[in-house]
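A short worksheet on the structure shown next.
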Amino acid sequence: MACVKAIGVLCFLVFVALSSYPHRAQADHCFADKSKVMRKCWRNIGKNVGEHPLLHGSVCCQVIRAATDIHCVCDKFTIDELARISLAKFAMATHVCGNGLRAHTHCAGYTVPVITLPAPPPPGST
């Protein structure tokens, strides 16, 4: 009987250990994605860096599109980073790059508005 209890406890512990692993892996992805966004998109999301056009094929857009969970990235911005970046610019960048934050959700205290991108110019109009 004691052997059956021991096996039951062991199975429970294995279950708990395995069920907590994906959450940790997701958190690691969030921090890694956020670090890449901060490095590669600084010119586009910084508060005091002026306006820089963001092209869909840029390295910044590649990083944003590759982010596993772009909303999770919002949750990982530190107070220091929030003092240096514009969440409005970040939200716009996510839409320009094709991995947009959902409207009416919160990103580090910023409520994401409905973002409508302008239509691209017709071919040959430039």
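Just a few scattered comments:
- Evaluation of Leu117 against (1) of a type outside the set (Val, Ile, Thr); (2) crowded, with 18+ Cβ neighbours inside 10 Å; (3) more than 13 Å from the chain's Cα centre (by Cα) (one fails), failing number: (2)
- Pairing each residue of the range 98-125 that is outside any loop (DSSP other than H, G, I, E, B) with any residue that is surrounded by fewer than 10 Cβ atoms within 10 Å (Cβ to Cβ) and not aromatic (Phe, Trp, Tyr), provided the two are 6+ apart or on different chains, yields C-beta distances under 8 Å for Thr111/His104.
- For beta carbons closer than 6 Å, sequence separation of 6+ or different chains, a first residue in the range 31-58 that is without any contact (Cβ under 8 Å) to a residue 24 or more places away in the chain and a second that is surrounded by 12 or more Cβ atoms within 10 Å (Cβ to Cβ) and of a type in the set (D, E, K, R), the qualifying pairs are Val49/Arg43; His52/Arg43.
- Inspection of the range 18-30 finds no residue satisfying the criterion of being farther than 14 Å from Cys97 by Cα, of a type outside the set (Gly, Ala, Ser), at pLDDT 95 or above and in contact with a Lys or Arg (Cβ under 6 Å, 6 or more places away or on another chain).
- All positions within the range 85-114 that are surrounded by fewer than 16 Cβ atoms within 10 Å (Cβ to Cβ) and within 14 Å of Val37 (Cα to Cα): none
- The set of residues in the range 33-60 being more than 16 Å from Gly100 (Cα to Cα) and of a type in the set (Lys, Arg) consists of Lys36, Arg39, Lys40, Arg43, Lys47.
- Residue list for the range 48-71, restricted to those being at pLDDT 95 or above and either in contact with a helix residue (DSSP H, G or I) (Cβ under 6 Å, 6 or more places away or on another chain) or crowded, with 21+ Cβ neighbours inside 10 Å (or both): Val59, Cys60, Cys61, Val63, Ile64, Arg65, Ala67, Ile70
The values are calculated or read from the model by the stated rules, or taken from the named source; none is laboratory data. All of these numbers come straight from a predicted model, not from anything done at the bench. Neighbour counts are summed over all protein chains in view; Cβ atoms, including those assigned to glycine, are modelled from backbone coordinates with ideal geometry.
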